[in-house]
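Reading through the structure tokens given below for one structure.
What follows draws every value from the coordinates through simple rules; no lab data is involved. Everything quoted here is computed from the prediction, not taken from an experiment. Cβ sites come from the backbone with ideal geometry, for glycine too, and all protein chains shown count toward neighbours.
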Amino acid sequence: MANILNIETATKNCSVSIAKNGEILAIKELNNGNYSHAEVLHPFIVEVLKEANIKTAEIDAVAVSKGPGSYTGLRIGVSAAKGLCFAFNKPLISIDTLNSLAHSISFDKGIIIPMLDARRMEVYAAVYDTNYQQKREIKAEIIDENSFSDFLNMGKVYFLGDGAAKCKEIITHENAVFVDDKYPSSKEMAELSYFKYKKNDIEDVAYFEPFYLKDFIVIPEKKKKPTF
């Protein structure tokens, strides 16, 4: 038996769940269009544990969405997860954000392409078959009318995630299907984290870092002209 706390903060959806043997016992999510993770993450953790009647010390592992995604969101989620692991001497499990997002839909045939918004016309994307086997590595890429044409020419391609929403007017192939209102969630993490737990596929808590994919760039503020 394994009680696993799942934390997802890679996008604007702040999501926390507690699951027993991969089955959700309690879940809290907030996607209000803002990055409010710093304010709501820890209360969510307290609330799901209370609802499931599980004490923090009774958690067997903590799973965290490792990215790619928002730099700040990932830092908040990973910091919280590592803090719990250090405090209660629990193993840390990392879950690929795009793989977790792909698991939010199910189809018999075709290709699944989860996308996360990376600003402007750039997205973080990966390619999976309908058995969730990765067919292409994760990339940060600028979308144009020829993007994913190799897969689209073979059959149905299902795009999902907040990165897919801005691609609808650009990717117009007849085999392109856009699935709305899908975000990475701790709901899909539950089964994936339990699978990793059973294999003892864990991270080194001290050295684990999120998968940012791109370096974080700080844009300096423009210097104001002195006024006299």
TODO: List every residue pair whose Cβ atoms lie under 7 Å apart, where the two residues are 6 or more positions apart in sequence or sit on different chains, the first residue falls within region 44-55 and is closer than 13 Å to residue 30 by Cβ, and the second residue, located anywhere, is surrounded by fewer than 19 Cβ atoms within 10 Å (Cβ to Cβ).
DONE: 48/26
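Quickly run through region 133-168 and pick out the residues that are of a type in the set (Gly, Ala, Ser) and over 22 Å from residue 13 (Cβ atoms). I'd like the intermediate steps shown before the answer.
Taking region 133-168 as the starting set, the residues that turn out to be of a type in the set (Gly, Ala, Ser) are 140, 147, 149, 155, 161, 163-165.
Residues satisfying the conditions are 147, 149, 155.
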Task: Single residue of region 86-125 satisfying the filter (in a loop (DSSP other than H, G, I, E, B) and free of Cβ contacts under 8 Å to residues at least 24 places away in the same chain) that is nearest to residue 152 (Cα to Cα) - done: 108
Open item on the list: Which condition from (1) touching a Gly at 6+ places or on another chain (Cβ under 7 Å); (2) in contact (Cβ under 8 Å) with a residue 60 or more places away in the chain is the one that residue 37 breaks?
Closed with: (2)
- [ ] Kindly list the number of the only condition in (1) surrounded by 12 or more Cβ atoms within 10 Å (Cβ to Cβ); (2) under 18 Å from residue 192 (Cα atoms) that fails for residue 131.
- [x] (1)
